[in-house]
Ligand code: CTP
């Protein structure tokens with residue numbers, strides 16, 4: 001079974017590692033789509049802290065990851081699933097139901113999100129620490 005998952009994976013953290021490791025255990029081959037800087041800007045009006053090249057390198061360095069590609073458009077998800085011959089799409093359960101439209105193409109599995117950590121939260125913590133150390 002070939003598995004695919006998607007994400008930004010900015011400021012790579014334990015929640016990212018957990019989902020990627022668990023996705024890899026679902027099959028024998030894992031492809032990870034890392035979303036581009038431009039795609040993130042269009043969604044959140046800010047660029048990721050780590051650029052797309054570095055984020056792809058970090059994900060690719062994991063022994064359980066077989067392939068990494070740049071996800072440049074949300075509209076191309078179906079195409080990415082087909083191109084990478086994925087039998088199964090895995091996402092964290094913060095996306096529950098949001099990828100069900102791809103069920104005609106492959107299995108869609110939502111795995112439990114790691115509690116109490118996210119890139120957004122890390123950015124806020126660093127920002128607060130920086131603000132307080134200025135006083
Ligand atoms: N993820 C997870 N557990 C977390 C954080 C993320 O399982 N604590 C999963 C997401 O569900 C997704 C993948 O990791 O399948 C990539 O998520 P991403 O959006 O890059 O990470 P977040 O930390 O959620 O980033 P942000 O706060 O910017 O949304």
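Taking residue 34, is it within 13 Å of the ligand (Cβ to nearest atom), modelled with pLDDT of 95 or more and under 13 Å from residue 72 (Cα atoms)? Criteria met by residue 34.
Residues of segment 56-90 that are over 17 Å from residue 29 (Cβ atoms) and within 15 Å of the ligand (Cβ to nearest atom): 56, 58, 70, 71, 74, 77. Residues considered: 86, 78. Of these, the only one that is over 14 Å from the mean Cα position of the chain (by Cα), surrounded by 18 or more Cβ atoms within 10 Å (Cβ to Cβ) and more than 24 Å from residue 122 (Cβ to Cβ) is 86. Over 15 Å from residue 6 (Cα atoms), more than 17 Å from the chain's Cα centre (by Cα) and within 13 Å of the ligand (Cβ to nearest atom): does that describe residue 49? Considered against the rule, which asks whether it is over 15 Å from residue 6 (Cα atoms), more than 17 Å from the chain's Cα centre (by Cα) and within 13 Å of the ligand (Cβ to nearest atom), residue 49 comes out as no. Among the residues of segment 13-31, the ones that are near the ligand (Cβ under 8 Å from one of its atoms) and farther than 26 Å from residue 79 by Cβ come to 4 in all. The criterion of at least 2 residues that are touching a strand residue (DSSP E or B) at 6+ places or on another chain (Cβ under 9 Å) and without any contact (Cβ under 8 Å) to a residue 60 or more places away in the chain is met by the following helices (runs of 4 or more DSSP H) wholly inside segment 45-135: 52-60.
The values are calculated or read from the model by the stated rules, or taken from the named source; none is laboratory data. Because the structure is predicted, anything quoted here is derived from the model rather than measured. A quick note on method: Cβ atoms are made from the backbone with ideal geometry, for glycine too, and the neighbour counts reach across all protein chains shown.
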